[in-house]
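So the structure is just underneath, and the comments pick up after that.
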Amino acid sequence: MSFWTRKSRIVITCAKGVLPFLKQEILSSGFPVLSQGLAEVETEGTMEDTLRLNLLIRTGQHILFLLESFHAKTPDELYKRISRISWEDYIPEDGYFSVTSSVNNPTIKDSRFANVKCKDAVVDRIKEKSGRRPDSGSERNRIVVHLYWRRDLCQIFLDTSGEPLSKRGYRMIPLKAPMQETLAAAVDLATGWTGNGNFVNPMCGSGTLAIEAALIALGRAPGLLRSNYSFMHLKGFNESSWKTLRRKIRAEAKDRFDGRIIATDVSQQAVEAAKKNAMTAGVDRFIEFGVCDFSETPVPNGGGVVMLNPEYGERLGEEDKLKETYKKIGDFFKKKCQEYKGYVFTGNLDLAKKVGLRTNRRITFFNGPIECRLLEYELYEGSRKK
Ligand SMILES: C[S@@+](CC[C@H](N)C(=O)[O-])C[C@H]1O[C@@H](n2cnc3c(N)ncnc32)[C@H](O)[C@@H]1O
């Protein structure tokens, strides 16, 4: 049996806080949830299934396919066990691979040492079998071997994604403080957004939340936007079945939805960037863009989600000005968004208090190392804090 059709464990990693949304996505994609950690969910399937998962999953970072699991106490044992794996079946002799790792073993002070041991074992094995040495380095855009080593438990994975799935490929123009695409998708899903009602996104910055909202509403697989995955460089990768799978998944998407998506920002430059990003993502015709102060954003009748991701003032002196902005967000919610559920995504809870409305839910996320909250405000009449 080819390794492409053999069933094994699949681990999908994600940012802390995203786990409940990733689990839900795995289940609704038809895969079981076998176990979970703080920032990963374990499921099972074949290598062929990982192609599907790479296309469908919105909130995960890497899809890891388990090749081997064993016990190793020392770097030498690790080397021996890794060189027993038939790497010649996976990596072309003239291919390129890199090694990433998550290591916590008493004999290893610097995880780079474990990576080098792993890399040497792979190269030496292929050299012995074929007489040629594949190239290796730190680039993640071709084959990626992932080493997980905790005490003496060692698991060797193929990272079928390579570059993290947050790199969808549509955000070409860098702006300050953009949200990762996978985090933006999780934040949108946390509101229950499916494309019903409207999605209003003042302070849209580079447009990530609005673009992900459009992809969700259309049921478009985010992975279709990317043309390179690690699995494409493995031996036995079948280009024509990959194309068929992409076509099939593309055909499952809708070409319209009922609600409106509105994205505005006070910065003209941000709105230009957001428009270009939306165009690259193929959703520009589903988003109405505008340049204005957030309080002037048009809020259509019919209700839905109003989502704001204001700055959180990491530099000294910024906070006083931002206090006023957060207070005005509360006024905007009260005055203009009465049929809506209001959301503020922020890393600064003191500032969030200035919104001055009662929160319904507070969901913890991590934007890189910063602990953040998605705060939900029910804006119906009668829900106001006295
Ligand atoms: C943290 S960034 C949003 C990042 C966005 N979520 C993304 O993924 O790119 C905050 C944005 O709020 C905008 N902004 C700040 N004050 C504003 C105001 N009064 N009205 C409208 N937009 C404002 C900034 O121009 C900036 O683009």
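The values are calculated or read from the model by the stated rules, or taken from the named source; none is laboratory data. This structure is a prediction, so every number in the text was calculated from the model and none was measured. Cβ atoms come from the backbone with ideal geometry, glycine included; neighbour counts cover every protein chain shown. Ligands, DNA and RNA are excluded from the accessible area calculation, which covers all protein heavy atoms including side chains. Shrake-Rupley method; radii C 1.70, N 1.55, O 1.52, S 1.80 Å.
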* Asked: Would segment 115-132 turn up any residue that is at negative phi, within 31 Å of the chain's Cα centre (by Cα) and part of a strand (DSSP E or B)?
  -> no
* So which of L27, L51, L56 is over 22 Å from E163 (Cβ atoms) and modelled with pLDDT of 95 or more? -> L27
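Answer yes if at least one residue in segment 353-370 is open to solvent by 70 Å² or more (accessible area, probe 1.4 Å), of a type outside the set (G, A, S) and under 15 Å from W193 (Cβ atoms), and no otherwise. Break it down stepwise before answering.
Kept after step one, since they are open to solvent by 70 Å² or more (accessible area, probe 1.4 Å), are these residues of segment 353-370: 353-354, 358, 360-362, 369.
Checking which are of a type outside the set (G, A, S) leaves us with 353-354, 358, 360-362, 369.
Then drop every residue that is not under 15 Å from W193 (Cβ atoms), which leaves 361.
The answer is yes, given that some residue of segment 353-370 is open to solvent by 70 Å² or more (accessible area, probe 1.4 Å), of a type outside the set (G, A, S) and under 15 Å from W193 (Cβ atoms).
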* Being in a loop (DSSP other than H, G, I, E, B) and buried (at least 24 other Cβ atoms within 10 Å of the Cβ) is the filter; apply it to segment 147-169 and report the residue that is farthest from the ligand (Cβ to nearest atom). => T160
* Does K323 meet the test of being within 16 Å of the ligand (Cβ to nearest atom) and not in a strand (DSSP E or B)? -> yes
* Asked: Filter segment 176-193 for residues that are of a type in the set (G, A, S) and within 12 Å of the ligand (Cβ to nearest atom); which is most open to solvent (accessible area, probe 1.4 Å)?
  -> A177
* **Hits in segment 210-236 (condition: open to solvent by less than 40 Å² (accessible area, probe 1.4 Å) and farther than 22 Å from V305 by Cβ)** => G223, L224, R226, Y229, S230, F231, L234
* Residues satisfying the stated conditions in segment 338-352, i.e. under 29 Å from the mean Cα position of the chain (by Cα) and farther than 23 Å from G368 by Cβ -> Y340, K341, G342
* Asked: On the given criteria, is F97 under 15 Å from V144 (Cα atoms) and either touching a residue at least 24 places away in the same chain (Cβ under 8 Å) or part of a loop (DSSP other than H, G, I, E, B) (or both)?
  -> yes
* Structure fact -> Of those in segment 294-318 that are of a type in the set (D, E), under 20 Å from A177 (Cβ atoms) and open to solvent by 70 Å² or more (accessible area, probe 1.4 Å), the residue farthest from the ligand (Cβ to nearest atom) is E314
* **V283 vs. criteria over 26 Å from F333 (Cα atoms) and either acidic (D, E) or buried (at least 22 other Cβ atoms within 10 Å of the Cβ) (or both)** => yes
* Structure fact -> Checked against (1) open to solvent by 30 Å² or more (accessible area, probe 1.4 Å); (2) in a loop (DSSP other than H, G, I, E, B); (3) more than 16 Å from the ligand (Cβ to nearest atom), I173 satisfies every condition except (3)
* Structure fact -> The condition from (1) open to solvent by 20 Å² or more (accessible area, probe 1.4 Å); (2) closer than 30 Å to G368 by Cβ; (3) at pLDDT 95 or above that P106 misses is numbered (3)
* To do: Report yes if N141 is open to solvent by 10 Å² or more (accessible area, probe 1.4 Å), more than 16 Å from the ligand (Cβ to nearest atom), closer than 30 Å to M47 by Cβ and assigned to a loop (DSSP other than H, G, I, E, B), otherwise no.
  => yes
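Which residue, of I211, I262, I249, is assigned to a strand (DSSP E or B) and among the aliphatic types (A, V, I, L, M)?
Working: I211 fails: assigned to a strand (DSSP E or B); I249 fails: assigned to a strand (DSSP E or B).
Testing whether each residue is assigned to a strand (DSSP E or B) and among the aliphatic types (A, V, I, L, M) leaves just I262.
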* **Filter result (within 16 Å of the ligand (Cβ to nearest atom), of a type outside the set (A, V, I, L, M, F, W, C) and surrounded by fewer than 23 Cβ atoms within 10 Å (Cβ to Cβ)) within segment 249-280** => S267, Q268, Q269, E272, K275, K276, T280
